[in-house]
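Working notes, beginning with the structure itself.
Each value in this text was obtained by applying a stated rule to the coordinates, not by laboratory testing. Everything numeric in this text was worked out from a predicted model, so none of it was measured. Don't worry about glycine lacking a Cβ; one is built from the backbone with ideal geometry, like all the others, and counts go over all protein chains shown.
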Amino acid sequence: MKQMDVVLDPLAGTEFVPGRTVGTFAIDPGPTQSGWCVLAGGRVLSSGVLPNAEMLERVATRIYATMAIEMIASYGMPVGREVFETCVWIGRFVQAWHDPEAVKLVYRKDVKMHLCGTTKAKDGNVRQAIIDLYPASGGGATPQIGTKAKPGPLYGVSTHAWPAIGVALTVQAQQGAM
């Protein structure tokens with residue numbers, strides 16, 4: 001298991017039934033590495049951050065039922081090289097999926113609207129909205145995340161995996177899976 005992975009990772013052999021697909025695989029793409037999560041019925045099965053070359057391998061595994069990717073949107077402002085490199089990776093991820101036409105491309109404004117009720121929400125607001133959806137069953141100051149001794153349902157989720165969870169939650173809500 002990779003250092004950033006959370007438990008219950010199907011690629012690590014936990015809670016995976018051969019021949020059966022599981023959950024929504026969502027990606028928050030970046031120019032060199034991308035955040036990801038696997039969500040089933042609102043439950044985070046696994047999450048992490050991977051270099052994009054490794055992400056391509058994960059996309060091609062065919063063990064996930066649905067794939068969703070946060071899509072780049074134009075807001076009329078100049079952008080740099082990293083945005084264009086991210087666009088290239090989005091295309092590579094889509095093509096690596098076993099059914100490229102079925103990939104769900106989700107815009108950040110749709111995630112903000114679904115989770116926060118406004119497109120003006122900031123990343124911190126989106127993260128807090130995700131945390132608020134889960135039970136406070138762990139230890140520590142944020143029991144939804146918890147501690148190593150008493151983990152919550154979001155224990156181990158970090159950095160770019162948060163936006164990926166937002167993408168997965170939005171897609172599952174659109175599909176009526178929640």
For this session: Show the residue pairs that are 6+ apart or on different chains and have beta-carbon atoms under 6 Å apart, the first residue being within region 51-79 and closer than 19 Å to Lys104 by Cα, the second being in a strand (DSSP E or B) and hydrophobic (A, V, I, L, M, F, W, C).
Result: Tyr64/Phe25; Met67/Phe25; Ala68/Ala26; Ala68/Val106; Ile69/Ile27; Ile69/Leu105; Glu70/Val106; Met71/Leu105
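Could you go through region 74-82 and let me know if any residue there is among the basic types (Lys, Arg) and within 18 Å of Ser158 (Cβ to Cβ).
Looking for residues that are among the basic types (Lys, Arg) and within 18 Å of Ser158 (Cβ to Cβ), one finds none in region 74-82, hence no.
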Exercise. Could we say that Glu54 is more than 19 Å from Arg127 (Cα to Cα), out of contact with any Phe, Trp or Tyr (no Cβ under 6 Å at 6 or more places or on another chain) and charged (D, E, K, R) here?
Worked result: yes
Seminar exercise, completed: Among (1) in contact with a strand residue (DSSP E or B) (Cβ under 6 Å, 6 or more places away or on another chain); (2) assigned to a helix (DSSP H, G or I); (3) polar (S, T, N, Q), Thr24 falls short only on (2)
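Of the residues Val79, Val126, only one is out of contact with any Pro (no Cβ under 6 Å at 6 or more places or on another chain) and buried (at least 18 other Cβ atoms within 10 Å of the Cβ); which? Lay out the reasoning, then the answer.
Working: Val79 fails: buried (at least 18 other Cβ atoms within 10 Å of the Cβ).
Of Val79, Val126, the one residue that is out of contact with any Pro (no Cβ under 6 Å at 6 or more places or on another chain) and buried (at least 18 other Cβ atoms within 10 Å of the Cβ) is Val126.
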Problem set entry | Residue ID - farthest from Gly176 (Cα to Cα), chosen from residues in region 26-72 that are crowded, with 19+ Cβ neighbours inside 10 Å and of a type in the set (D, E, K, R) | Arg58
